[in-house]
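Inspection log for the structure reproduced underneath, given as structure tokens.
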Amino acid sequence: MAISWPLVVSLLLSISSLATSASNSDSVHEAFVQCLLDNSHPSHPISEAIFTPQSPSYATVLQSYIRNLRFNETYTPKPFLILTALHQSHIQAAIICAKKGNIQMKIRSGGHDYDGLSYVATVPFFVLDMFNLRSIDIDMETETVWVQSGAILGELYYRISALSKTHGFPAGVCPTVGVGGHLTGGGYGNMMRKYGLTVDNIVDAYFIDVNGRIHDRKSMGEDLFWAIRGGGAASFGVVLAYKIKLVHVPEIVTVFRVEKTLEDNATDIVDQWQHVASKLPKELFVRLVIDVVNSSTRTGGSTVRVSFISLFLGDSKTLVSIMNENLPLLGLSQSDCIETSWIRSVLFWTNIAIDSPTDVLLNRTPSLSYLKRKSDYVKQPIPKTALEGIWEK
Ligand SMILES: Cc1cc2nc3c(=O)[nH]c(=O)nc-3n(C[C@H](O)[C@H](O)[C@H](O)COP(=O)(O)OP(=O)(O)OC[C@H]3O[C@@H](n4cnc5c(N)ncnc54)[C@H](O)[C@@H]3O)c2cc1C
């Protein structure tokens, strides 16, 4: 076989330039590690928080908070280093060294970002992992809590319920979501009709800026405080902790889950729900989830199922009367309702058996799936013909 010398030379040049860029990046990474060690506080050594691909537990640490299997593939870009901060000085060192070396830093709290933004990048990067910083300090006198970013919502709910049966916090319904990302991005939950978004219930924060300085609400100023409650704090720095205001919940709340298929008149019920959902009393939240299930009676063998899942901050008798007045087509009866405590309503909403021990909420490992999610807002009810079009799809 004839070999073209220009091809050989160009291949050799490519290989040697690859080797040069690999050794350049090695030296950048070494300089970064050295910078971290140099900026380490003597009483809080940083070395035990550093994981590189050479560390035996690197893969375990990386995967511990990957919550979307789409980003756990061999071809998914990996960080050259993970820093599992054990102290605020480690975050400060990370910021200072990232800035000095012009290196991309990804901040990860609970790892539930839909697009893996907290642990994937297209340029060389490291992950600042917050999961060790998860303290929760509750002050029942002021009804406030300082919660660190590495806590998960389940831990927060559980700790509140351990101190009070009549307090709760309006945040998301998935207990393994991280406080850090959730509170920087908004926070939708089943008490939002009554108490607003999660970010509406934040009263202060500890925030580390691009120069590694720690601020509270007063020193960061109202503009930045506004931005880190919904604007995605990673654009501005690292949130160490949020101070949140607890809300009042009754000792007994009521939940239900009622499922209907197309054969049960689902289209008309969804239509009616759309017209009343925003006008129901603020204590009542009724969520609609639509999926496809097997059907023995329909051609094609499948049908659309609509599930109405609810939290009512009150008793079942009042709930049934509200529902039958506003959404009679659903035909809610007392036997569909479960009266329970707020903390057990969290279990119900997560599809965990409602009588399970509530410390199941401390479990940090969710069942994993491949997922892609997007949100949109409907300002007017979707017409019935359009619903039928959606069912066809
Ligand atoms: C299964 C599942 C259920 C969900 N349920 C709900 C729900 O009920 N309601 C709702 O509103 N949302 C829900 N979400 C969305 C979730 O609230 C957001 O994805 C949230 O950003 C996740 O936070 P995290 O800390 O777990 O994620 P991460 O992936 O760790 O972080 C998300 C983003 O925030 C940044 N960030 C994280 N920590 C910090 C920090 N300390 N300082 C600065 N920036 C930081 C990250 O860099 C990243 O950009 C759900 C998501 C999933 C996957």
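Just so you know, all these numbers are worked out from the coordinates, no wet-lab data involved. Keep in mind that this is a model prediction, so the values were computed, not measured. Neighbour counts are summed over all protein chains in view; Cβ atoms, including those assigned to glycine, are modelled from backbone coordinates with ideal geometry.
Observations on the structure shown:
- Less than 5 angstrom separates the built amide H of residue 152 from those of 179, all sequence-distant by 5 or more or on a different chain.
- Taking the chain as a whole, the Cys residues whose C-beta sits 4.7 Å or farther from every other Cys C-beta are 174, 337.
- Dividing the convex hull volume of the alpha-carbon atoms in the stretch 123-169 by its residue count gives 83 Å³ per residue.
- Largest GNM mean-square fluctuation across 243, 218, 99, computed for the chain with C-alpha springs under 10 Å, falls on 218.
- FRET efficiency, residue 363 to residue 57 (Cβ-Cβ, R0 25 Å, nearest 0.05): 0.75
- Cut-off 12 Å between beta-carbons: net charge of the residues surrounding residue 92, Lys and Arg +1, Asp and Glu -1: +1
- Working from the Cα coordinates of the chain, the gyration tensor eigenvalues give, after taking √(5λ), semi-axes of 45, 30, 17 Å in decreasing order.
- Only Cα pairs under 8 Å and 6+ residues apart enter the sum, and on that basis the relative contact order of the chain stands at 14 percent.
- Rounded to 10°, Cα long-axis angle of helix 88-101 versus longest principal axis of the chain: 50
- Alpha-carbon centroids, the stretch 85-160 and the stretch 168-243: separation in whole Å: 12
- All-pairs Cα distance distribution in the stretch 7-129, expressed in whole percent, bin size 10 Å: 13, 40, 31, 12, 4, 0
- Most mobile of 205, 94, 227 in a GNM of the chain (Cα contacts under 10 Å): 227
- Rounded to 10°, Cα long-axis angle of helix 5-38 versus longest principal axis of the chain: 70
- Per the Debye formula on identical point scatterers at the alpha carbon atoms of the stretch 180-229, with no solvent, log10 I(q)/I(0) at q = 0.20, 0.27, 0.32 Å⁻¹ is -0.69, -1.03, -1.23.
- Nearest 10 degrees, 0 to 90: helix 266-276 Cα axis against the chain principal axis: 90
- Residues of type lysines that residue 393 reaches as a straight line, Cα spacing below 29 Å, ignoring anything fewer than 8 places off in the same chain: 260, 372, 374, 379, 384
- Based on alpha-carbon atoms, the Kirkwood radius and the radius of gyration of the stretch 331-371 give Rg/Rh equal to 1.08.
- Computed log₁₀ I(q)/I(0) - Debye formula, equal Cα scatterers, no solvent, the stretch 136-248, q 0.17, 0.23 Å⁻¹: -0.75, -1.33
- Only helices enter the 222 nm calculation for the chain: every DSSP H run of n ≥ 4 contributes -39,500 (n - 2.57), and dividing by all residues gives -9500 deg cm²/dmol, rounded to 500.
- Simple spin-label estimate for residue 374 and residue 142 in nanometres, 7 Å along Cα-Cβ: 4.3
- GNM result for the chain, Cα springs below 10 Å: residue of 188, 377, 75 fluctuating most strongly: 377
- Other residues with beta-carbon under 13 Å from the beta-carbon of residue 307 carry, at +1 per Lys or Arg and -1 per Asp or Glu, a net charge of 0.
- The local environment of residue 223, defined by Cβ-Cβ distances under 12 Å, has a net charge of +1 under the rule Lys, Arg +1 and Asp, Glu -1.
- Viscosity 1.567 mPa s, temperature 4 °C, Stokes-Einstein D of the stretch 52-101 from Kirkwood C-alpha radius, µm²/s: 104
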